[in-house]
Amino acid sequence: MIVKLVMLGKNKDSCIDNGITDYLKRMGVYTDTEVKILKGAKIGENLTAALKTEADQISNEIGKTDYLVLLDEKGKEFTSVGLANKLEKWREMNIKRLVFLVGGAYGFADEIYKRSNEMLSLSKMTLTHQHARLILAEQLYRAFTIIHKHPYHHV
């Protein structure tokens with residue numbers, strides 16, 4: 001299973017970029033990873049048009065057979081062990097490419113919500129999309145270490 005992270009907008013903090021790169025590199029021991037950072041759209045006065053522009057960019061990055069998980073405040077929350085269990089279930093479903101999509105501050109266009117297979121929330125608190133990226137990368141790495149019984153995750 002390939003794990004792909006698709007993220008809207010450039011990150012302004014090199015420390016966060018370095019952290020994401022580090023976790024994805026570590027995760028490469030357990031699974032193949034891909035990352036795509038999309039330009040995103042300037043919101044301006046027309047939010048609907050901006051979300052549509054972003055939806056077009058996103059659609060170009062997601063294959064018809066990809067399993068799409070949106071990061072969204074309305075998504076399901078998991079413990080770290082729960083996320084590891086979920087990853088195992090996705091593997092059992094023979095998903096070839098699992099795509100996690102981190103959007104911007106205004107969420108996604110309706111067509112992206114409709115295309116998604118599941119929604120995941122990292123916290124009940126509101127996070128910047130930059131921090132959400134880093135937390136997602138770390139939690140995915142942690143989930144793989146739990147699955148493979150690596151001592152990274154201490155209980």
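Give the cross-link partners of LYS12 among the lysines, using a straight C-alpha distance below 29 Å as the criterion and excluding same-chain residues fewer than 8 apart. Hits, sequence-local ones excluded: LYS4, LYS25, LYS36, LYS39, LYS42, LYS52, LYS74, LYS76, LYS124. Across all directions, the average flat footprint of the convex hull enclosing the Cα atoms of the chain is 9.0 nm².
Consider a paramagnetic label point 7 Å from the Cα of ASN117 along Cα→Cβ; state which residues of the stretch 68-97 have an amide N under 17 Å from it. Once the point is set 7 Å along Cα→Cβ of ASN117, 68-72, 76, 83-97 turn out to lie under 17 Å by backbone N, inside the stretch 68-97.
With +1 on each Lys and Arg Cβ and -1 on each Asp and Glu Cβ, how big is the dipole of the stretch 67-111 about its Cα centre, in debye rounded to the nearest 20?
On the way: 7 positive and 7 negative charges, 57 e Å.
Approximately 280 debye in magnitude.
Which GluC sites (Glu not before Pro) does the stretch 44-98 hold that lie in a coil by DSSP with at most 13 other beta carbons within 10 Å? Kindly include the intermediate steps, with their values, before the conclusion.
Details: sites: GLU45, GLU54, GLU61, GLU73, GLU77, GLU88, GLU92; in loops: GLU45, GLU77.
For GluC sites (Glu not before Pro) across the stretch 44-98 that sit outside H, G, I, E and B with at most 13 neighbouring Cβ atoms in 10 Å, the list reads GLU45, GLU77.
Sites count as exposed loop sites when they are trypsin sites (Lys or Arg not before Pro), lie in a DSSP loop, and have at most 13 other Cβ atoms within 10 angstrom; the longest stretch of the chain without one is 65-95.
Each of GLY104, HIS148, GLY28 was scored by the projection of its Cα onto the charge dipole of the chain, and the greatest displacement toward the positive side belongs to HIS148; charges sit on the C-beta of Lys, Arg, Asp and Glu.
Any read-out appearing in this document is the output of simple, stated calculations on the displayed coordinates, not a laboratory observation. What you see is a predicted model, and the numbers here were worked out from it, not measured in a lab. Counting neighbours? That spans all protein chains shown, and the Cβs are built from the backbone with ideal geometry, glycine included.
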